[in-house]
Amino acid sequence: MKHVSLQVQGNGAPFTSIADAMADGPRTRRSLLLSAGAAGSVSIVGHVRASAEDSDGDGIPDRTKRSAAFHRRLESIFGAEQFSGLEVGRRDLLLDVRYVGETQLVPSTKRTIVEQCRARGIHAQWLDYPRRYDLEEVTERYGTAVKDLLWGRRSFYAGEIESDLKNVALQLVVVPGVSKPGVEGRIYSHWMDTTGSGIDGYVNGFSVGNRAVVAERDDPLEEARLVFHEIAHLALCHDDDPENTGVMGTGDDVDLTDEEWERFRDGLSNVRDRTGYDVLFRPCLWHENLSAVLE
Ligand SMILES: [Zn+2]
């Protein structure tokens, strides 16, 4: 078992080093953490366990795959009709969806994403959480901004997601979005506001790697693109190449480029997170926002 201590010194110097650490392209969270630790540029965020055997690197430790108890646990939560099991050697991607208010995802969104993944050797499974969350309760208890939902000690994610599900599935929260005129149906992100993105910080969706939130869309195609985009952020950043018509590029197609598919498949291990600090280490956030701030 290897322990790596990382430290963050505030809002100054570490940014440059992290950006540098990422200059040679996207990496998995673990390698980023290790390189950040090795560079000595960041100070204490917590303990990172570069641990559990994961022979195919899909983020799901072998021991949980082989455990009948774990299988039963997932089946008991999501039902056998949704959870079809995990297979050693297969690239699995579990999508644990939490619906807030009256939201839903249309079947075509789920089907498209499953088919796209299957065609690329990724076995994606949609796991709709059996219980719907009351919008008022969520608003009162946690708030509705991205931060309130996805990270922070008192976030929806921290309060509602079962700890044994956090490291095996990507959690996707579907919310109605705000009713504020001009930004209707969007979600507020402090981060985006600070970096001058979105409409005054209001965005359609947001991802911090192994967890994401989307605001419900009326148009099925738009929904598919948005949902796939946020899921793909598990391993991928935006691409400003106009030739990239996939969801990380222009978004014309509900697809990724060949090269992106490869990186996505390689990055499935990002599902596992034991740091609790994804937001600091989602490469895209550093890359796209902070490097821009530094320029
Ligand atoms: Zn994005």
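What the table below lists for this structure:
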{"read-out": "Flag for Arg118 being part of a helix (DSSP H, G or I), under 18 Å from Ser269 (Cα atoms) and either over 18 Å from the mean Cα position of the chain (by Cα) or not assigned by TED's automatic domain parsing to the domain that holds Gly85 (or both)", "value": "yes"}
{"read-out": "Residues located in region 109-126, provided they are touching a residue at least 60 places away in the same chain (Cβ under 8 Å) and hydrophobic (A, V, I, L, M, F, W, C)", "value": "Ile113, Ile122"}
{"read-out": "Members of region 237-275 found to be within 18 Å of His123 (Cα to Cα), among the aliphatic types (A, V, I, L, M) and touching a helix residue (DSSP H, G or I) at 6+ places or on another chain (Cβ under 8 Å), listed by number", "value": "Val254, Leu256"}
{"read-out": "Of all residues in region 135-179 being among the polar types (S, T, N, Q) and in a helix (DSSP H, G or I), the one that is surrounded by the most Cβ atoms within 10 Å (Cβ to Cβ)", "value": "Thr139"}
{"read-out": "Test: residue in region 90-107 that is crowded, with 20+ Cβ neighbours inside 10 Å and part of a helix (DSSP H, G or I)", "value": "no"}
{"read-out": "Flag for Asp239 being more than 16 Å from the ligand (Cβ to nearest atom), surrounded by 17 or more Cβ atoms within 10 Å (Cβ to Cβ), at negative phi and at pLDDT below 95", "value": "no"}
{"read-out": "Residues (in contact with a helix residue (DSSP H, G or I) (Cβ under 9 Å, 6 or more places away or on another chain), closer than 28 Å to Arg272 by Cβ and more than 16 Å from the ligand (Cβ to nearest atom)) located in region 159-189", "value": "Gly159, Glu160, Glu162, Asp164, Leu165, Lys166, Asn167, Val168, Ala169, Gln171, Val174, Val175"}
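The values are calculated or read from the model by the stated rules, or taken from the named source; none is laboratory data. All values derive from a computational prediction rather than experimental measurement. Cβ: placed from backbone, ideal geometry, glycine included. Neighbour counts: every protein chain shown.
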